[in-house]
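Peer 1: Okay, handing you the structure first.
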Amino acid sequence: MSSSQYGRFYASQVGIGIKVLSAKEKKAMRETEQIHLSFGDPTPDTFPNDEVVEALALALKEEPDRVLQYGAGEVAEDLAVFLLERAAGRGMVASREQLLVTNGATEGMDLIGRIFLDPSDVIMTEAPTFMGALSVFRKFGVQIQGCEVDGDGLRTDLLEETLSERLECGEPMPKFLYVIANFQNPTGTTMSLDRRRHLLELAERFDFLIVEDEAYGELRLEGEDVPTLWALDEGGRVLHLGTYAKVIAPGLRLGWVLAAEELTAQLMAMRPGYSNGASESLAAKYCRMVDFDQRVASIRSVYRQRRDVMLEALEEHMPAGITWNRPEGGLFIWMEIPGEVDPDAFVEEAARRGVALLSTSIFYPDGVGGNGLRLSYSQEPLDRLRRAVEIMAGLLEEMLDR
Ligand SMILES: Cc1ncc(COP(=O)(O)O)c(C=O)c1O
């Protein structure tokens, strides 16, 4: 990507949080020599191309008149059964009526916005948070208030203060709080069990819902699982979003929502079109055909190696004063740089030198905050990850000397 293309792309992200590049520009971006640390796109090395073909063939053989028709048939329905089994295996016991299979987790966010949000509403998110979620929720014209995140995830102590202040001032409570408790995008942090419990208590006390986005839930690279908010919730306050974007393929557009039965029915009623029957059918066949646990384990090992190589390179090359975290899972490292270096100027110059990445401010609901960079290790092979870190370290040294 040329620096002018990058500039345009970057401006689009900062301005409205939506990717506005044309398909041609995106293709050019992918084909360039630029090393991409910008997005958490899964590496195509993990795409099960051959098995997807086989799975689709199996589905078509079983339901030749149904798989490519509007809506979903029996084969597609087996994906729902598989998802419920897998969720139960992770402590999330739900009935069929509580599950809605969606066109990606993003459709789940949009449907949640449609049933809950009016322009005068307030919602809360972590600050920083996933910019794709910000862009979906912004479309509803709501006010988005952020709450700080540290190494243990959302600062529920600060959340409690904010909610108490809102109550004292007679301000409305948030309709919901959107949170990525596991391997957060963009910080990579995982919310501690105590804070999860505290958050659920606050939701009960101040009467708001929680939208838990678990896009990276299957991508634990080390350490012990922490129960999801859905698993800990006893009051029916959590809507849980999942996706197979990272452990099968994002192009299939397969996600889901787990929610209280009456909410799932409302979400379904809000759908503008049909479900993605062909993708659901082939995914159902794929999930039953392969050893899914083994697949997830091998995808984890790809990302564990990439994370470790990037961490080692950071350790080896970064000048003093730069700090970063060690994510237990997911696809991102969060790096903080000293105040004298402007992260936006850094990102622009890094793009000129061949490394595409994003500075932290665009992940904040108000576009302000953080002094650093989000590094994604998902897209590039090991040698290019090392090279990217060397280029960034050299540039940071120069900028710190100025
Ligand atoms: C936190 C989070 N949620 C959701 C998504 C997108 O999920 P999907 O492709 O299923 O819409 C992403 C993609 O990067 C993400 O980081």
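Peer 1: Scanning the range 130-159 for residues that are in contact with a Lys or Arg (Cβ under 7 Å, 6 or more places away or on another chain) and free of Cβ contacts under 8 Å to residues at least 40 places away in the same chain, which turns out surrounded by the fewest Cβ atoms within 10 Å (Cβ to Cβ)?
Peer 2: Glu148
Peer 1: Kindly indicate the residue of the range 267-278 that is touching a residue at least 40 places away in the same chain (Cβ under 8 Å) and of a type outside the set (A, V, I, L, M) and also surrounded by the most Cβ atoms within 10 Å (Cβ to Cβ) among those meeting that condition.
Peer 2: Result: Gly277.
Peer 1: Which one is farthest from Asn276 (Cα to Cα), of the residues in the range 60-80 that are open to solvent by less than 60 Å² (accessible area, probe 1.4 Å) and modelled with pLDDT under 95?
Peer 2: Result: Gly73.
Peer 1: With the condition kept exactly as written, say whether any residue in the range 305-318 is outside any helix (DSSP H, G or I), within 30 Å of Glu390 (Cβ to Cβ), more than 16 Å from the ligand (Cβ to nearest atom) and modelled with pLDDT of 95 or more.
Peer 2: yes
Peer 1: May I pose another question? Filter the range 101-110 down to residues that are within 14 Å of Val211 (Cα to Cα) and surrounded by fewer than 23 Cβ atoms within 10 Å (Cβ to Cβ) and give me whichever is farthest from the ligand (Cβ to nearest atom).
Peer 2: The extreme case among them is Asp110.
Peer 1: So which of Leu163, Leu193 is free of Cβ contacts under 8 Å to residues at least 60 places away in the same chain, among the aliphatic types (A, V, I, L, M) and open to solvent by 10 Å² or more (accessible area, probe 1.4 Å)?
Peer 2: One residue alone meets the criteria, Leu193.
Here's the yes/no breakdown for (1) over 28 Å from Asp225 (Cα atoms); (2) among the hydroxyl-bearing types (Ser, Thr, Tyr):
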position	(1), (2)
Met268	yes, no
Phe292	no, no
Leu314	no, no
Ala320	yes, no
Arg326	no, no
Leu331	no, no
Glu348	yes, no
Ser359	yes, yes
Arg384	yes, no
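Peer 1: Of the residues that make up the range 284-304, is at least one of a type in the set (Ser, Thr, Tyr), assigned to a helix (DSSP H, G or I), open to solvent by less than 30 Å² (accessible area, probe 1.4 Å) and farther than 18 Å from Ser38 by Cα?
Peer 2: yes
Peer 1: Quick test for you: out of Arg352, Arg386, Arg374, pick the one residue that is touching a helix residue (DSSP H, G or I) at 6+ places or on another chain (Cβ under 7 Å), within 18 Å of Ala313 (Cα to Cα) and either open to solvent by 10 Å² or more (accessible area, probe 1.4 Å) or acidic (Asp, Glu) (or both).
Peer 2: Going through Arg352, Arg386, Arg374 in turn, just one is touching a helix residue (DSSP H, G or I) at 6+ places or on another chain (Cβ under 7 Å), within 18 Å of Ala313 (Cα to Cα) and either open to solvent by 10 Å² or more (accessible area, probe 1.4 Å) or acidic (Asp, Glu) (or both): Arg386.
Peer 1: Can you tell me which of Arg96, Arg155 is farther than 21 Å from Gly236 by Cβ and assigned by TED's automatic domain parsing to the domain that holds His240?
Peer 2: The conditions single out Arg155.
Peer 1: Cβ-Cβ distance below 7 Å, separation of 6 or more or different chains: which pairs start in the range 328-350 with a residue that is on the phi < 0 side of the Ramachandran plot and end on one that is among the acidic types (Asp, Glu)?
Peer 2: So the pair list comes out as Glu328/Glu222.
Peer 1: Let me ask something additional. For Ile322, work out the one condition from (1) buried (at least 18 other Cβ atoms within 10 Å of the Cβ); (2) under 22 Å from Thr129 (Cβ atoms); (3) β-branched (Val, Ile, Thr) it doesn't fulfil.
Peer 2: (2)
Peer 1: Looking at (1) open to solvent by 20 Å² or more (accessible area, probe 1.4 Å); (2) in contact with a Lys or Arg (Cβ under 8 Å, 6 or more places away or on another chain); (3) within 16 Å of the ligand (Cβ to nearest atom), which is the one condition that is false for Glu204?
Peer 2: Condition (3) is where Glu204 drops out.
Peer 1: Within the range 311-335, how many residues are within 20 Å of Arg220 (Cβ to Cβ) and under 20 Å from the mean Cα position of the chain (by Cα)?
Peer 2: Residues in the range 311-335 being within 20 Å of Arg220 (Cβ to Cβ) and under 20 Å from the mean Cα position of the chain (by Cα): 11 in total.
Peer 1: Which of the following residues is among the aliphatic types (A, V, I, L, M), in contact (Cβ under 8 Å) with a residue 40 or more places away in the chain and within 15 Å of the ligand (Cβ to nearest atom): Ala94, Ala87, Ala127?
Peer 2: Just one listed residue meets the conditions, Ala127.
Peer 1: Something else about it: Of everything in the range 236-259 that's more than 10 Å from the ligand (Cβ to nearest atom) and within 15 Å of Glu85 (Cα to Cα), which residue is surrounded by the most Cβ atoms within 10 Å (Cβ to Cβ)?
Peer 2: Leu258
Peer 1: Would you mind finding the one in Ile180, Ile115 that is surrounded by 19 or more Cβ atoms within 10 Å (Cβ to Cβ) and either within 14 Å of the ligand (Cβ to nearest atom) or not aromatic (Phe, Trp, Tyr) (or both)?
Peer 2: Ile180
The values are calculated or read from the model by the stated rules, or taken from the named source; none is laboratory data. Because the structure is a prediction, the values reported are computed rather than measured. Note: ideal-geometry Cβ built from the backbone for every residue, glycine included; neighbour counts use all protein chains shown. For accessibility, only protein heavy atoms count, side chains too; no ligands or nucleic acids. Shrake-Rupley method; radii C 1.70, N 1.55, O 1.52, S 1.80 Å.
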